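To start, the structure under review is shown below, and the notes come after it.
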Amino acid sequence: GQIYGPLLGAAQTLSSKAHVFHWPLEFPHIFFAEAAGRKGFDVVLGNPPWEVMQLSEEEYFSLHLPEIATLAGATRKRAIAALETGFPGIFAGYITEKRKSEAGNEFARESGRFSLAARGKVNTYSLFAELFDNLMSSHGRAGVIVPTGIATDSSSSAFFAALVGENKLVNLIDFENRAGIFPSVHRSFKFSLVTLGRNVPQASFAFFLTDPIQISDPERRFDLSSSEIELINPNTRTAPVLRARSDAELIRKIHTEVPVLSRDGEIEENDRWQLSV
């Protein structure tokens, strides 16, 4: 039907300001190629931003009015409200950024595009990781550099469990930034090289590396299938964080021989340990 002109114009203006990128419209020959059996990209590679999608008043005003950033709680909120009459330009800029943050969170949580990654405090790295997964073709591979929390944090557990359960995880190589691999990232931060694919029988892991050359050390790497990850961490299906292949062999044997302490939803009579909290 006929679209109301001013509405269309406003939508186009806002999408331009928001730098909206519509993948199927930008790459129709990739996303509408079912006849060729190659829908999606064969290679998706990137280092996305690692940012919590939540506007911080302290962070925003530290750049615009540092004296407000140093205030606490209700005092800071009253000072921000007073800007509407005292500094209307700064106030309008803050309201615009606040609206952007809220709209971004609303889109991430409610659009259906990020059904697994938009949990807890939404972080852009987890959204990009799910996007990369969705952009791959049936024969493709995706490589993404993200914080190691994607495999260990509760907010990412649903997405990681889906990767493991659907045999999409190829490898996860974890680094500590002590040697400054990323100079602008804090030295205590942990990040991982994550590779995704399709129909992967088992995933390769390595943790606590400090130099890329250690990737080739066979004693630092170990493989786990999706069933083994579920056996070791049945409640979260997050990755077991181990330092060596021998540790993986030991923990695999322990969990094969000894029942899990507590399984979510376990029927009481089947709970062999009879634990109470």
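The values are calculated or read from the model by the stated rules, or taken from the named source; none is laboratory data. What you see is a predicted model; the values in this text were computed from it and never measured. Note that we place each Cβ from the backbone using ideal geometry, even for glycine, and neighbour counts take in every protein chain shown. Please note that ligands, DNA and RNA were not included when accessible areas were found on the heavy atoms of the full protein model with its side chains. Shrake-Rupley method; radii C 1.70, N 1.55, O 1.52, S 1.80 Å.
Expressed to the nearest 5 percent, the antiparallel share of DSSP beta bridges inside the chain is 70 percent. The overall shape of the stretch 1-67, judged from the alpha-carbon gyration tensor, is oblate: a/c is not under 1.5, and a/b is no greater than b/c.
For the pair V43 and N199, the difference between a 0.36 nm per residue extended length and the Cα-Cα distance amounts to 54.6 nm.
All other residues with a Cβ under 15 Å from the Cβ of L242 taken together, and with Lys, Arg as +1 and Asp, Glu as -1, what is their net charge? Walk me through the numbers before you get to the answer.
Working: positive: K190, R220, R221, R243, R245, R252, K253; negative: D174, E176, D217, E219, D223, E228, D247, E249.
Neighbourhood net charge equals -1.
Each of (1) 23.2, 70; (2) 18.0, 54; (3) 19.3, 58 is a candidate for Rg and Dmax of the Cα atoms in Å; the one calculated from this structure is (1).
Counting Lys and Arg as +1 and Asp and Glu as -1, what is the net charge of the other residues whose Cβ lies under 10 Å from the Cβ of T70? It works out to a net charge of -1.
One Cα centroid belongs to the stretch 30-99, the other to the stretch 199-235; the line between them spans 35 Å. Tell me, what % of the accessible area of the stretch 7-91 is carbon and sulfur with a 1.4 angstrom probe? Summing carbon and sulfur atoms, their accessible area is 64 percent of the total for the stretch 7-91.
Under 12 Å from a label point set 7 Å out along the Cα-to-Cβ vector of S154, the amide N atoms of the stretch 113-142 belong to 120-121. For the chain, the membrane-span-like helices by this rule, meaning whole DSSP H stretches whose C-alpha atoms cover at least 30 Å of axis and whose Kyte-Doolittle mean is -1.0 or above, are 88-110; this says nothing about an actual membrane. Looking at the square roots a ≥ b ≥ c of the eigenvalues of the Cα gyration tensor of the stretch 1-156, which shape do they give, rounded for a/c under 1.5, prolate if a/b is larger than b/c, or oblate? Verdict is oblate for the stretch 1-156. Rolling a 1.4 Å probe across all protein chains gives E26 an accessible area of roughly 100 Å².
When Lys and Arg each count +1 and Asp and Glu each count -1, what net charge do the other residues less than 9 Å away from F61, Cβ to Cβ, add up to? Don't skip to the end; give the middle numbers.
Details: positive: R76; negative: E57, E58, E59, E67.
With Lys, Arg at +1 and Asp, Glu at -1, the net is -3.
For trypsin sites (Lys or Arg not before Pro), the sites in the stretch 117-180 that DSSP calls loop and that have at most 16 other Cβ atoms within 10 Å are K121.
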